[in-house]
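Notes for the one structure printed next.
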Amino acid sequence: MSWYSAVSRLLVLLALSAALGAMYGYAREAVIVVLLGWVGFWLYQMRRALLWLNSPDELPPDAYGSWGELFARIYFFHRKSSQEQARLQSSVTYLEDSFAAMRDGVLMVDKQGAIKWLNRAVEPLLGLRYPDDTGQTLTNLVRAPEFNEYFLGRNYANPLQYLSVGEGRSIYLRVDITHFGEGERLLFIRDVSSEVRMEKIRRDFVANVSHELRTPLTVISGYLSTFLENSQELPVRYVKPLEQMDQQAQRMENLLKDLLWLSRIESEKREDEREWVDIRGLLQELRDELDEAYPDTKIVLDIDAEDKVFGDYRQLYSAASNLAINAIKYSANGHPVTLGWTRTKDGRLLLQVRDRGIGIDASHIPRLTERFYRVDDSRNSATGGTGLGLAIVKHVAVAHGASLRIESKLGEGSTFTLEFPKR
Ligand code: ADP
């Protein structure tokens with residue numbers, strides 16, 4: 001709008017000067033003088049604009065017409081962008097302040113792995129200093145191989161927990177990493193020593209109680225067996241209660257055995273007992289044992305992998321055996337149970353136990369590996385299970401870097417798969 005009025009004003013001025021000049025015979029000169037004046041005026045306003053733009057926070061220079069409007073608009077946009085910038089800056093400051101106030105360590109790392117920012121809490125945990133360490137490569141400063149391997153591995157699906165050994169103290173750290181922005185990473189670091197200690201106390205307590213209960217229980221079941229062996233000498237009304245006591249004592253013994261085994265798998269990293277385990281041989285041995293213990297169930301082997309797994313033979317055997325015994329327990333007689341050891345096209349190794357038994361409703365599957373979780377209590381007391389079998393399997397899987405997958409359809413059967421990662 002104002003550009004048009006400026007042009008029309010110039011044209012009117014030129015026409016007037018040409019007319020006036022023509023009256024004295026100097027039309028061309030008059031037009032040139034007016035044009036030069038016009039250009040001079042624009043140059044002058046441009047200079048004022050440039051001078052003002054050096055400090056645009058000040059009020060714009062006074063001007064009329066199109067220049068006045070131009071200054072006003074520039075001033076308006078500048079104010080708007082300053083306000084927006086201030087708003088963004090205050091959000092950033094607010095975020096930085098909240099991260100800084102967090103009790104957990106927060107660390108920002110750029111695409112190249114250099115430190116951008118960290119809060120106070122990180123300093124004692126990783127031995128870093130802010131702002132001195134900004135710009136330095138994180139892995140050059142943190143001297144823990146587990147941390148560096150995890151950080152550089154770029155697979156952050158699961159958090160890392162490791163023992164950080166520093167000057168005169170050892171702490172357990174938990175590290176969660178999230179990608180954000182363009183290749184940047186945000187690290188959350190937390191001292192979980194007290195949680196780890198509590199967990200150890202709980203495990204030790206369960207292990208100790210189980211251990212202490214074993215001796216009295218052995219005595220009780222020993223006497224019960226002796227009584228029952230000589231049941232003809234007992235009054236008839238005592239025989240049934242004693243049989244029930246004997247059954248329950250057996251159940252308790254199984255429970256204690258499983259509890260002790262579970263706490264052993266959980267607490268010990270029995271590296272020295274690790275070896276290359278021939279899973280084919282393990283499944284054959286298990287099949288022979290099951291054939292003898294459960295002659296009514298047909299055990300089928302489905303093996304097409306020769307691969308061995310680096311691990312603990314007893315743990316792997318107990319996992320496969322728990323799965324197989326469940327498959328037998330929760331199937332009707334005559335339904336076969338398959339033990340599989342196969343390799344997928346992309347190199348993953350699958351240890352599978354398949355049955356065509358009663359199956360499990362989908363709603364129970366996520367909780368099956370919890371200790372003492374039972375789909376149906378009445379079913380369980382009939383089968384004499386301890387409710388710890390799948391917890392044991394899950395722990396063995398974790399200890400071997402494998403994952404446990406459960407697929408099942410009510411009334412059609414179940415498939416339990418231990419998936420070992422590619423070598
Ligand atoms: P339990 O000693 O009771 O068998 P587990 O931890 O081994 O304990 O199993 C937990 C529950 O999962 C069992 O109580 C049972 O209800 C269910 N379950 C496990 N395996 C199977 C299976 N193959 N078919 C059907 N249900 C199963």
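Please state which one of LEU234, LEU286, LEU262, LEU256 is touching a helix residue (DSSP H, G or I) at 6+ places or on another chain (Cβ under 7 Å), at pLDDT 95 or above and either among the aromatic types (Phe, Trp, Tyr) or more than 30 Å from ILE115 (Cβ to Cβ) (or both).
Details: LEU234 fails: at pLDDT 95 or above; LEU262 fails: at pLDDT 95 or above; LEU256 fails: at pLDDT 95 or above.
That would be LEU286, the only listed residue that is touching a helix residue (DSSP H, G or I) at 6+ places or on another chain (Cβ under 7 Å), at pLDDT 95 or above and either among the aromatic types (Phe, Trp, Tyr) or more than 30 Å from ILE115 (Cβ to Cβ) (or both).
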Taking segment 305-342 as the search range and keeping residues that are closer than 16 Å to HIS400 by Cβ and surrounded by fewer than 19 Cβ atoms within 10 Å (Cβ to Cβ), which one is nearest to the ligand (Cβ to nearest atom)? TYR317
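Those residues that are outside any helix (DSSP H, G or I) and either modelled with pLDDT of 90 or more or on the phi < 0 side of the Ramachandran plot (or both), I need them from segment 10-41; list them, please. Give the derivation first.
Step one: of segment 10-41, the residues outside any helix (DSSP H, G or I) are 25-26.
Within segment 10-41, just TYR26 meets the criteria.
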For ALA86, which of the numbered conditions (1) outside any helix (DSSP H, G or I); (2) closer than 30 Å to VAL122 by Cα fails to hold? (1)
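Counting only residues that are within 32 Å of the chain's Cα centre (by Cα), give me the strands (runs of 3 or more DSSP E) lying completely in segment 246-314 with at least 3 of them. First the steps, then the outcome.
Details: elements: 274-278, 299-303, 308-312.
Answer list for segment 246-314: 274-278, 308-312.
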Residue pairs meeting the criteria (Cβ under 7 Å; at least 6 apart or on separate chains; first on the phi > 0 side of the Ramachandran plot, in segment 404-421; second among the β-branched types (Val, Ile, Thr) and near the ligand (Cβ under 9 Å from one of its atoms)): GLY411/ILE358
Somewhere in segment 373-387, is a residue more than 8 Å from the ligand (Cβ to nearest atom), among the charged types (D, E, K, R) and either surrounded by fewer than 20 Cβ atoms within 10 Å (Cβ to Cβ) or modelled with pLDDT under 95 (or both)? yes
Filter segment 343-371 down to the residues that are in a loop (DSSP other than H, G, I, E, B) and more than 9 Å from the ligand (Cβ to nearest atom), then identify the one that is farthest from LEU282 (Cα to Cα). ASP361
Inside segment 388-409, the number of residues satisfying the requirement of being part of a loop (DSSP other than H, G, I, E, B) and more than 9 Å from the ligand (Cβ to nearest atom) is 3
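Yes/no per residue for (1) surrounded by 15 or more Cβ atoms within 10 Å (Cβ to Cβ); (2) out of contact with any helix residue (DSSP H, G or I) (no Cβ under 7 Å at 6 or more places or on another chain):
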{"site": "LEU43", "(1), (2)": "no, yes"}
{"site": "LEU51", "(1), (2)": "no, yes"}
{"site": "ASN54", "(1), (2)": "no, yes"}
{"site": "TYR75", "(1), (2)": "yes, yes"}
{"site": "SER82", "(1), (2)": "no, yes"}
{"site": "GLN89", "(1), (2)": "no, yes"}
{"site": "TYR94", "(1), (2)": "no, yes"}
{"site": "ALA101", "(1), (2)": "no, yes"}
{"site": "ASN119", "(1), (2)": "yes, no"}
Scan (1) more than 8 Å from the ligand (Cβ to nearest atom); (2) within 22 Å of GLU289 (Cα to Cα); (3) under 25 Å from the mean Cα position of the chain (by Cα); (4) modelled with pLDDT of 95 or more for the single condition GLU419 breaks and write down its number. (2)
Looking at LEU368, LEU410 in this structure, which one is among the hydrophobic types (A, V, I, L, M, F, W, C), more than 19 Å from ASP302 (Cβ to Cβ) and crowded, with 17+ Cβ neighbours inside 10 Å? LEU368
Look through TYR150, TYR172 and report the one residue that is in contact with a strand residue (DSSP E or B) (Cβ under 6 Å, 6 or more places away or on another chain), part of a strand (DSSP E or B) and at pLDDT 90 or above. TYR172
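Only one of GLY37, GLY113 is within 30 Å of ARG174 (Cα to Cα) and surrounded by 10 or more Cβ atoms within 10 Å (Cβ to Cβ). Can you tell me which?
Details: GLY37 fails: within 30 Å of ARG174 (Cα to Cα).
Exactly one of GLY37, GLY113 is within 30 Å of ARG174 (Cα to Cα) and surrounded by 10 or more Cβ atoms within 10 Å (Cβ to Cβ), namely GLY113.
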Would you say GLY68 is part of a helix (DSSP H, G or I), modelled with pLDDT of 90 or more and either among the acidic types (Asp, Glu) or on the phi < 0 side of the Ramachandran plot (or both)? no
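The values are calculated or read from the model by the stated rules, or taken from the named source; none is laboratory data. Model, not experiment: these values are computed from the prediction. FYI the Cβ positions are ideal-geometry reconstructions off the backbone, even for glycines, and counts take in every protein chain you see.
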